[in-house]
């Protein structure tokens, strides 16, 4: 009887300590100029995240952090992805029309968190991506 009770009590602990292997990859980031008002140019940057592994747990919270010239300027959430699935998030950038092309450096980084289990990044993932606008 004691063995049954101890086994039943250990199941929640085992479930909480299990680990998920998540494999989101930033597959692309593309900047397109949307317009200009004379002094400022506005760009839309489309960042695509693809799951290169199995289905991600429904409780997985993942996001793409946006860094401009080394400073974190935004963070965009993405949903848990099915195996092979992808999602695209957008970052809007405004800069001087006098700025030379390629002088604004953008870096994108994936952040993973799951309140129900530990999340490890699977090998082979591209968790950062960089472009110059």
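When you have a sec, figure out the Kirkwood radius of segment 45-133 from all distinct Cα pair distances and drop it here in Å to one decimal?
Working: mean 1/r = 0.0702 Å⁻¹.
Computed over Cα pairs of segment 45-133, the Kirkwood hydrodynamic radius comes out at 14.3 Å.
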Order these by the 10 Å Cβ neighbour count, fewest first: 47, 110, 131. 131, 110, 47
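By count of other Cβ within 10 Å, fewest leading, how are 100, 92 ordered?
Values: 100 7, 92 10.
So the ranking, lowest neighbour count to highest, is 100, 92.
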Distribution of pairwise C-alpha distances over segment 29-76, 5 Å bins, in %: 5, 14, 17, 22, 17, 12, 7, 4, 3, 1
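Readers should treat all values here as calculations from the given coordinates under stated rules, not as data from a laboratory. This structure is a prediction, so every number in the text was calculated from the model and none was measured. All Cβ positions, even for glycine, are placed from backbone atoms using ideal geometry, and neighbour counts span all protein chains on display.
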